[in-house]
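Asker: Below: one structure in structure tokens.
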Amino acid sequence: MQRPLAASLLTALGFALALVLTACSAPAAPQAKDTRAPTIPVGVTATAGSAGTVHVMWSAAGDDRAVTGYAVYREGRKVKDLPATTLMTDVIGLAPATSHTFTVRARDAAGNVSPPSAPVTATTLPATVEDRTPPSAPTALRATPDGSRAATLRWTPAHDDTRVTAYDVYQADTRIHTVPGTATTAHLTGLRPGTAYAFTVRARDAAENSSPDSTPADLTTAPAPGAPPNTAPKDLTATATKGEITLTWTPPNTGAPVTHHELHLNGRFATTIIWGTTPPPGRATYTFPVPDPPGTRYTLTLRAQLPDGTWGDFSAPRTVAVR
């Protein structure tokens, strides 16, 4: 009599389980179709960088879900498709001394496209004789935070045998902004609160010759309300010699000796720098070998281990080329 009872019980349990699974697998309500287009990109600028190049920039558009990309148009004809993370591009292959009109449109994942931005016009520079001499590096670069998400850069103009046509702003060896050659300031937006940054500026002439980097300018944006103070190592320097890179920095003030630092190369963890005893006071130094060929560029950042065992904020980056 036990076996049939067990079978009946299993049958009942199976039926109950089937009801639960059926209830759990009920189809979800269909999501409303996205028919709303992104907002129109604003702040569009166009700057001629050479006889055949115009640099176009804009501010991020908004969407009720998410912007997935941008399209750049010249005289109403699309010339570039770009991801949502890109807010600038160079339009190349243009004729010298020619006026061009540019607009930008944003798109979302559903294929909705914004109306065109307000048009902007730029005239490519006249063709010049061959020029292989780059401008001098801009000097006296200064960076001033504007709250927690913006900054203003200022510098002393560079010099060129013809003329400087543009200044390019770099962050961690990546160009993020361009202004005309007559400008000596740049306003940067879209920064993160409580974050250490390092910026450099290069001058460029009509033949697309670029100057060496300016001396880096560091800044730390204001923290978000209620956030703890920044814990990044400060005043990081990176010097390359033959087959080696030497770092020096000031550890953060954490209330206790900092015995561990993480070194990241090009955004990836490389090694942990450990002092077996109490670290020396003042600035720290670390030298490591680099097997890559001369000219290889590294972007380096450091962060310290805090007394509670967590890792602090990253330092402002430094970029160095192997010798």
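Asker: With +1 on the Cβ of every Lys and Arg and -1 on the Cβ of every Asp and Glu, and nothing else charged, how large is the dipole of the range 139-220 about its Cα centre, in debye rounded to the nearest 20?
Answerer: 320
Asker: Considering the options Thr182, Ala238, Ala71, tell which one lies farthest towards the positive end of the dipole of the chain, charges being +1 on Lys and Arg and -1 on Asp and Glu at the Cβ, about the Cα centre.
Answerer: So the residue furthest toward the plus end is Ala71.
Asker: Apply the Debye scattering formula to the range 173-256, with a single equal point scatterer on each alpha-carbon and no solvent, then give log10 I(q)/I(0) at q = 0.12, 0.23 Å⁻¹.
Answerer: -0.55, -1.23
Asker: Related question: Suppose every K and R has +1 on its Cβ and every D and E has -1 on its Cβ; what is the size of the dipole of the range 234-321 about the Cα centre, in Debye to the nearest 20? Intermediate values should be presented prior to the final figure.
Answerer: Values: 7 positive and 6 negative charges, 40 e Å.
The dipole magnitude comes to about 200 debye.
Asker: Right, next: How far apart, in nm, are the 7 Å Cα→Cβ label points at Arg192 and Val113?
Answerer: My value for the distance between the label points is 3.4 nm.
Asker: Place a point 7 Å from Cα of Thr278 in the direction of its Cβ. Which residues in the range 286-312 have their backbone N less than 18 Å from it?
Answerer: 307
Asker: So which aspartates and glutamates pass the test for Lys80, namely a Cα distance under 19 Å, with those fewer than 8 places away in the same chain ruled out?
Answerer: The reachable aspartates and glutamates, counting only those whose Cα sits under 19 Å from Lys80, are Asp90, Asp108.
Asker: Only sites in a loop by DSSP and with at most 15 other Cβ atoms within 10 Å count here; which trypsin sites (Lys or Arg not before Pro) in the range 49-143 make the cut? Each step should come with its number before you reach the end.
Answerer: Values: sites: Arg65, Arg74, Arg77, Lys78, Lys80, Arg105, Arg107, Arg132, Arg142; in loops: Arg65, Arg132.
Those satisfying the criteria are Arg65, Arg132.
Asker: Let me make sure I get this right: for the range 196-323, a, b and c are the square roots of the gyration tensor eigenvalues over alpha carbons, sorted descending. Under 1.5 in a/c it's rounded, otherwise prolate if a/b > b/c, else oblate. Which is it?
Answerer: oblate
Asker: Taking the chain, how much of its Cα-Cα pair set, in percent, is spaced more than 35 angstrom apart?
Answerer: Value for the chain: 42 percent of Cα pairs lie more than 35 Å apart.
Asker: Moving to a separate point now. For the range 66-186, compute Rg over Rh where Rg is the Cα radius of gyration and Rh is the Kirkwood radius from the inverse mean 1/r over Cα pairs.
Answerer: Dividing the radius of gyration by the Kirkwood radius yields 1.01.
Asker: By what distance, in whole Å, do the Cα atoms of the range 265-310 stretch along each of the three principal axes, largest value first?
Answerer: 37, 21, 17
Asker: Okay, moving on. Can you tally the net charge around Gly312? Count Lys and Arg as +1, Asp and Glu as -1, for every other residue whose Cβ sits under 11 Å from the Cβ of Gly312.
Answerer: Working: positive: Arg303; negative: Glu262, Asp308, Asp313.
Result for the local shell: -2.
Quick note: the coordinates plus some simple rules give every number you see, no bench work behind them. Please read these numbers as outputs of a predicted model, since none were measured by experiment. Note that each Cβ is placed from the backbone with ideal geometry, even for glycine, and that neighbours are counted across all protein chains shown.
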